[in-house]
Each structure stands twice: as structure tokens, then as C-alpha cells.
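The values are calculated or read from the model by the stated rules, or taken from the named source; none is laboratory data. All values derive from a computational prediction rather than experimental measurement. FYI the Cβ positions are ideal-geometry reconstructions off the backbone, even for glycines, and counts take in every protein chain you see. SASA here: full protein model, heavy atoms, side chains in, ligands and nucleic acids out. Shrake-Rupley method; radii C 1.70, N 1.55, O 1.52, S 1.80 Å.
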Amino acid sequence: MPSSTNSIKKKHLHTTVSDSTYEALKQLALQYGTISNVIEEALKLLKIRVHMLDDLKKSNLDEYQLWHLMRSDFNMLAVGRTTFLSYIDKIPTEPQENNNCIELIEWFYDNRPINRLTLYEILIAIKQIWIAGNYFWKVQIKAQDETESDEFYAKKFEITFFYHFNQKTYGIYWSEYFKTVLEKPPINCHCQISLRNESFYMIITQNDKTNEK
């Protein structure tokens, strides 16, 4: 029988490496399964570094790969914990009102317009981008729409953000940030916020008059 059209053709690499490189490949293979997988993962990082992205989707990248691409595409800077807490001490409103959140979400989906994304897709982008930026260590998204069995099309969600700051100022800043973004056009949702010591959660409901996807 002919081979499946979906099968991936394999090529043999005839090359040599140093003893130390070979030992490193074997050690990494314990984590990635095979030396071939290690080479493919390393190649992916190099492609991201030089922006060879034709066959890569940002939504499929892991946190490290996504952060590397965000850093180069948006000239992002790493800011220490103390510096950031000092910056948001008085809860500045300018970053909430004027930010690039929508641009980041559209970039995450390879520049698909925000009004062509479902609410679920928007929240997934926020989760992946803000975890990659190391602002949160975990984000949980749960559909609350009892009339919709497929969460992809649900119009009501609970989203919880977990962080390692035992200060509510951090949660106040980011919850208001996301509330501002999600309630303004073109997303037009209604948001309820509940704060905890090292987390906050939001109930996000898409209004009936939201732009068509």
C-alpha cells in the first residue's frame, strides 16, 4: 500500500559533533524523547531567533519561545519584581487606557482581526501571552455558559490569574487592566472582579451586541 500523504518524510543527517555536544544531546534526549526531537526543538528556536516563521504558528509555541518572539517583535523589557511593584504602587491608569493588548492578541493569532475571534480565543491569547511574560504562573479558564456545550463558542467565562505576589495591589492593577480592555470596543464584555491575596478571578460575559465574529 502507498504511504499516507500525511506521513512526514525523514532525512538522514551525515555529520559529526564534538564529544561534549554528543553527551549534551544524549542528556537532552532523556527529556525530549530522542536526539532527533532535540535537534528539531533546537532548530525551532533558531528559526524563531531569525524570524523564519512561515510554518510556525505563535499559538503553538511554548512559553519560552513565545516570550523570545514577543521580546523582539514588541521591544519588550524584563523588569524586576520590586521595580514593577513600585511602578504600580499608585495604580496608574494610563497603561490601562492606552495599551497594546489588542495588538498582542491579534499578533498571537497571526494578525487575525480581534472581531473575528471568539471570546474563548481572546482569553486563551491573554493566558498564553501573560504567562510567557512571567506576569502569572497559572491562568485557569472555565466556561460558565450553560446554554453552550462547546466552550469555544461560550459567551460567559470565569478566568482566574495566579501570581507570586502577596500584595493585592498587583491583583488590583491587572484585574483593572483586563477589565478595561475587555469592556471597551471592540470586545464589549461585562466583567466582575474578585480579589484574593495571590490571585484574582473575573466573571466575563459577552454582551449580545458584541461585534459579529
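GNM on the chain, alpha-carbon springs under 10 angstrom: the most fluctuating residue among S20, S194, S59 is S20.
Taking all Cα-Cα distances within segment 87-213, those exceeding 27 Å account for 13%. What segment 108-213 shows is 51 Å² of accessible area per residue, with the surface traced by a 1.4 Å probe over protein heavy atoms.
For mean projected area of the Cα convex hull in nm², the candidate list reads (i) 17.1; (ii) 12.4; (iii) 14.5; the entry that matches the value derived from this model is (i).
Per-residue ellipticity at 222 nm from helix content only, as computed over the chain with -39500 (n - 2.57) for each DSSP H run of at least four residues, stands at -13000 deg cm²/dmol.
What the Cβ-Cβ distance of A24 and D150 gives, at R0 = 45 Å and to the nearest 0.05, is a FRET efficiency of 0.55.
Here, P(r) means the percent of Cα pairs in each 10 Å bin from 0 to the largest distance; for segment 57-101 it is 22, 39, 34, 6. Accessible surface of segment 67-118, 1.4 Å probe: 48 percent of it comes from carbon and sulfur atoms.
Which pairs, out of K155/K179; K9/K58; K11/K57; K142/K168; K127/K156; K58/K142, put more than 20 Å between their alpha-carbon atoms? Walk me through the numbers on the way to the answer.
Values: K155/K179 16 Å; K9/K58 24 Å; K11/K57 24 Å; K142/K168 23 Å; K127/K156 16 Å; K58/K142 23 Å.
Check vs 20 Å cut-off fails for K9/K58; K11/K57; K142/K168; K58/K142.
Working from label points 7 Å from Cα in the Cα-to-Cβ sense, the K138 to E40 distance is 3.0 nm. P(r) tail, segment 1-115: Cα-Cα pairs separated by more than 24 Å, 52% of all pairs.
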